[in-house]
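Below you'll find the structure, written out as structure tokens, and then a few comments.
The values are calculated or read from the model by the stated rules, or taken from the named source; none is laboratory data. Nothing here was measured: the structure is a model prediction, and the numbers come from that model. Positions of Cβ are generated from backbone atoms using ideal geometry, with glycine treated the same way; all protein chains shown enter the neighbour counts.
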Amino acid sequence: MSKKVRVAIIGVGNCASSLVQGVEFYRHTEPSQFVPGLMHVDLGGYHVGDIEFSAAFDIDKEKVGYDLGEAIWRGQNNTVAFAKVGPLGVPVHRGMTHDGLGKYLSEVIEKAPGSTADIVKILKDTGTDVVVNYLPVGSEMATKWYAEQILEAGCAMVNCMPVFIAREQYWRQRFEERGLPIIGDDIKSQVGSTIIHRVLTRLFQERGVKLEHTYQLNFGGNTDFLNMLERERLVSKKISKTNSVLSQMEHEIGREDVHIGPSDYVPWLKDRKWAHIRMEGKAFGEVPLTVDLKLEVHDSPNSAGIVIDAVRCCKLGLERGLSGALEGPSSYFMKSPPFQVSDERAHELTELFIAGRVGAKCISDPEADHAPRPSQDGAADTQPLAARPAEG
Ligand SMILES: NC(=O)c1ccc[n+]([C@@H]2O[C@H](COP(=O)([O-])OP(=O)(O)OC[C@H]3O[C@@H](n4cnc5c(N)ncnc54)[C@H](O)[C@@H]3O)[C@@H](O)[C@H]2O)c1
């Protein structure tokens with residue numbers, strides 16, 4: 001197996017742009033020091049610069065047929081430019097539209113003419129190791145269709161969006177049967193609204209403060225937020241974000257006391273996202289305690305900082321013959337992994353995974369992995385927290 005990580009991209013939008021720019025930006029970074037923006041310069045023997053783009057798929061006429069290095073600046077993409085990217089020798093092929101374009105995206109994106117490329121053949125011919133799914137929220141049929149192509153081509157998958165694949169037993173089993181790893185679902189950004197809200201929720205829990213009401217309102221000016229104005233497409237995103245936060249508390253809270261989700265589209269924010277989080281609880285003596293905070297981030301680079309590690313973990317999974325969901329990395333990198341643990345525990349399991357000390361099923365079945373049991377201290381935490389009922 002090559003010492004490169006060959007990565008194909010489905011959906012050349014802002015997140016893809018940040019990932020491609022990031023690989024260029026950090027290509028020659030020294031692994032020995034703390035590097036702003038990266039969690040791992042070297043991950044399990046793979047430097048960021050070992051990531052190579054092998055193929056790309058989109059359906060926007062402004063992107064299909066262009067080199068990936070050019071397509072990332074085209075169409076509706078409006079994320080920050082932080083690296084110079086030259087031609088990569090990777091053409092953007094025509095993908096399969098299915099339900100990729102909703103009401104609002106189809107007002108600003110024109111479909112490329114021509115028929116769907118032979119995705120399986122392209123993935124095989126280009127020696128692709130890992131396919132990253134960056135389709136718009138609500139692309140249920142398209143995501144499942146691409147997942148079938150990925151399985152047939154024999155690649156690993158990183159599912160960055162909230163159509164549930166790694167979280168679902170059916171799909172996990174399909175990847176297991178094909179001997180392929182998957183990390184999913186729905187990227188949890190590096191320091192984004194989800195991880196901040198989760199960590200504070202756990203803090204309340206651990207320090208005895210009862211969370212009684214909370215909201216997280218997000219808005220931004222990229223096509224992700226434009227697309228999410230269509231509320232029917234938003235259902236899985238709300239489930240993903242809400243369950244991710246609620247998984248960190250052990251007492252019940254009324255559904256009407258929690259509101260978490262994308263809220264509006266403000267074009268002049270471009271790829272910036274603002275998140276307002278409010279948490280109201282009862283502290284010692286049952287007196288009220290309130291946290292009210294605002295986060296301002298550039299949305300897409302924030303997610304690319306995670307994907308740059310997820311693709312390398314998938315490559316390690318391929319190398320080690322692991323299949324199905326990589327549970328440790330999925331719990332650390334994703335909002336909707338197969339099993340939720342605390343972020344501290346998820347971090348520990350991810351580091352153990354990278355070091356080769358735990359395998360794919362380190363949460364659900366550590367014995368089957370023949371992996372060393374985690375320390376006694378953390379043992380209780382490896383139990384999946386009770387799954388919360390899905391919203392809506
Ligand atoms: N921080 C983050 O940015 C973040 C975090 C978590 C999850 N996500 C998710 O990642 C996904 C990608 O986000 P983005 O900001 O890059 O979105 P985007 O709108 O910028 O890009 C989506 C791309 O997909 C293309 N596309 C649409 N239908 C397609 C199809 N059927 N086949 C191939 N390409 C198709 C579009 O033309 C566009 O280029 C979204 O689902 C988003 O919710 C992003």
_Which of the numbered conditions does Thr214 fail, given that it passes all the others? Conditions: (1) crowded, with 18+ Cβ neighbours inside 10 Å; (2) within 16 Å of the ligand (Cβ to nearest atom); (3) of a type in the set (Val, Ile, Thr); (4) touching a residue at least 40 places away in the same chain (Cβ under 8 Å)._
(2)
*asked:* Could you check the range 74-117 and list, in sequence order, the residues that are among the aromatic types (Phe, Trp, Tyr) and either farther than 18 Å from Asp299 by Cβ or surrounded by fewer than 15 Cβ atoms within 10 Å (Cβ to Cβ) (or both)?
replied: Phe82
*Would the range 41-55 turn up any residue that is part of a loop (DSSP other than H, G, I, E, B), in the same structural domain as Thr97 (by TED's automatic domain parsing) and under 19 Å from Cys15 (Cα atoms)?*
no
*Has the range 163-177 got at least one residue that is over 24 Å from Cys313 (Cα atoms) and polar (S, T, N, Q)?*
no
*Considering the range 125-149 alone, what residues qualify as being of a type in the set (A, V, I, L, M), outside any loop (DSSP other than H, G, I, E, B) and out of contact with any Phe, Trp or Tyr (no Cβ under 9 Å at 6 or more places or on another chain)?*
Val130, Val132, Met141, Ala142
*Collect the residues in the range 259-290 that are acidic (Asp, Glu) and free of Cβ contacts under 8 Å to residues at least 60 places away in the same chain, keeping them in residue-number order.*
Asp264, Glu286
*Kindly establish whether Val307 is outside the structural domain of Glu107 (by TED's automatic domain parsing) and modelled with pLDDT of 95 or more.*
no
*Is it fair to say Lys84 is over 29 Å from Glu232 (Cα atoms) and more than 10 Å from the ligand (Cβ to nearest atom)?*
yes
_Please go through the range 215-238 and give me each residue that is outside any helix (DSSP H, G or I), over 25 Å from Glu280 (Cα atoms) and of a type outside the set (Gly, Ala, Ser), ordered by number._
Asn222, Met228, Leu229, Glu230
*Take the range 274-291 and flag every residue that is assigned to a strand (DSSP E or B) and either farther than 14 Å from Ile196 by Cα or small (Gly, Ala, Ser) (or both).*
Ala275, Glu280, Gly281, Lys282, Pro288, Leu289, Thr290
*Considering only residues that are out of contact with any helix residue (DSSP H, G or I) (no Cβ under 8 Å at 6 or more places or on another chain) and part of a loop (DSSP other than H, G, I, E, B), look in the range 65-79 and name the one that is nearest to the ligand (Cβ to nearest atom).*
Gly75
*Considering the range 161-185 alone, what residues qualify as being within 23 Å of His276 (Cα to Cα) and either of a type in the set (A, V, I, L, M, F, W, C) or touching a Cys at 6+ places or on another chain (Cβ under 7 Å) (or both)?*
Met161
*Go through the range 165-180 and give me each residue that's surrounded by 21 or more Cβ atoms within 10 Å (Cβ to Cβ) and in a loop (DSSP other than H, G, I, E, B).*
Ile165, Ala166, Arg167, Leu180
*How many residues does the range 141-154 contain that are within 16 Å of the ligand (Cβ to nearest atom) and crowded, with 17+ Cβ neighbours inside 10 Å?*
8
_I need the helices (runs of 4 or more DSSP H) fully contained in the range 322-392, keeping only those with at least 1 residues that are within 25 Å of His251 (Cβ to Cβ) and at pLDDT 95 or above._
327-333, 343-354
